[in-house]
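Beneath this line is the structure, given in structure tokens, with notes to follow.
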Amino acid sequence: MKQIIRSTTGALVVGMLAAGCSTKPPASDVAAANTAIGSAGQAVDQAAADPHVAKYATSELERATASLDQARTAWNKQHDLKATTHLAYVAQQRAATAQQLANERAAEEVVTVAAAERDHAVNVAAANRHPRPTPERAVAQQDVTGFAFGRATLPASARRAIDELAASLRSSPGREVVIEGHTDNAGSPAYNQALAMKRAEAVRAALIRRGVDSGRITIGSHGEQNPVASNDTPVGRRENRRAQVIVGDMGEHMVGSSTGSTATTSSGSGGQGGQSGQTGQSGQNGQRGQ
């Protein structure tokens, strides 16, 4: 008899648990979950449709999408209203952040491009007033490579070469230097033009810090033009992220060794070719140029 009672009790417990697992959530919870997930979904869809987000904030959008997927899973599999609403809220906030960052980065690029165009006009006029040595009089040429994707910070691997170049220029006061920045083909041409100018400026600044007179240095930008390697591979793109340095005798007209459109500045008081959103941080990014 006791065995029968225990068996009956166990069956009742199993039945109660099964009934509990199959119980539908209250209608109010269903409505709250649907509202939270729906609002988050609209926010993520709106961010995904924004072309600025696609260009400047893809990682933020991916995080928002992941949070939305987690919210749906929490509701569909567990009917956990608290977790669902929390994750939906996180997704909505991340979508809003993606749009905000994308708009900020787009605005920064507009400023960068405008500054590059302004400096291009000023610098070409300055270069015309102050002719440089001809390529035939060039006595040395080298590439400063190793620039990170979307950045203009001088790579540590180039410091020894910069030290040697600065020492050579200090010992040869009759020589001047042209520095031409380059990028790979990722990003818009206008952005790459500005980023390449920043790379040339980084080399220029390093030489000035090492005692080279700024008036002996001319900087220019070729952007993504004149690659030295294929942009179809990571190795080739890395080689194209460079600054070319040409040293020549003073007193003759000099242009760079590359062909194509170049923004050149006389460096006595020459400005930088705009500020790159990637050089401070990035926003590559970025999506930003390369």
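Multiply the residue gap between His86 and Val228 by 0.36 nm, knock off their C-alpha separation, and tell me the result in nm, one decimal place.
On the way: separation 142, 0.36 × 142 = 51.12 nm, distance 5.11 nm.
Result for the pair: 46.0 nm of gain on full extension.
Determine, from the Cβ-Cβ distance of Thr58 and Thr153 and an R0 of 30 Å, the FRET efficiency 1/(1 + (r/R0)^6), rounded to the nearest 0.05. Spell out each step's value before the answer.
Numbers: r = 23 Å, r/R0 = 0.76.
According to the calculation, E is roughly 0.85.
Any idea how far apart Ala114 and Ala161 come out in nm if each label point goes 7 Å out from Cα toward Cβ?
Result: 3.6 nm between the two label points.
Quick check: from the Cα gyration tensor, does segment 28-129 come out rounded (a/c under 1.5), prolate or oblate?
On the way: a/c = 5.73, a/b = 4.89, b/c = 1.17.
Because a/c hits 1.5 or more and a/b exceeds b/c, segment 28-129 counts as prolate.
For segment 28-129, give the magnitude of the charge dipole about the Cα centre (Cβ charges: +1 Lys/Arg, -1 Asp/Glu; no others), in debye to the nearest 20. Walk me through the numbers on the way to the answer.
On the way: 9 positive and 12 negative charges, 20 e Å.
Result for segment 28-129 is approximately 100 debye, rounded to the nearest 20.
Full-extension gain between Arg170 and Ala96, please, as 0.36 nm times their residue separation minus the C-alpha to C-alpha distance. Numbers along the way, then the final one.
Numbers: separation 74, 0.36 × 74 = 26.64 nm, distance 5.33 nm.
That works out to 21.3 nm of additional length.
Starting from the Cα of Lys77, draw a straight line to each of the aspartates and glutamates and keep only those under 13 Å, dropping any in the same chain fewer than 8 residues away.
Those aspartates and glutamates meeting the cut-off are Asp69.
Bear in mind these aren't lab numbers, they're just calculated from the coordinates by the rules spelled out. Bear in mind the structure is a predicted one, so any value in this text is a computation, not a measurement. Every residue, glycine as well, gets a Cβ built from its backbone with ideal geometry; the counts of neighbours run over all protein chains shown.
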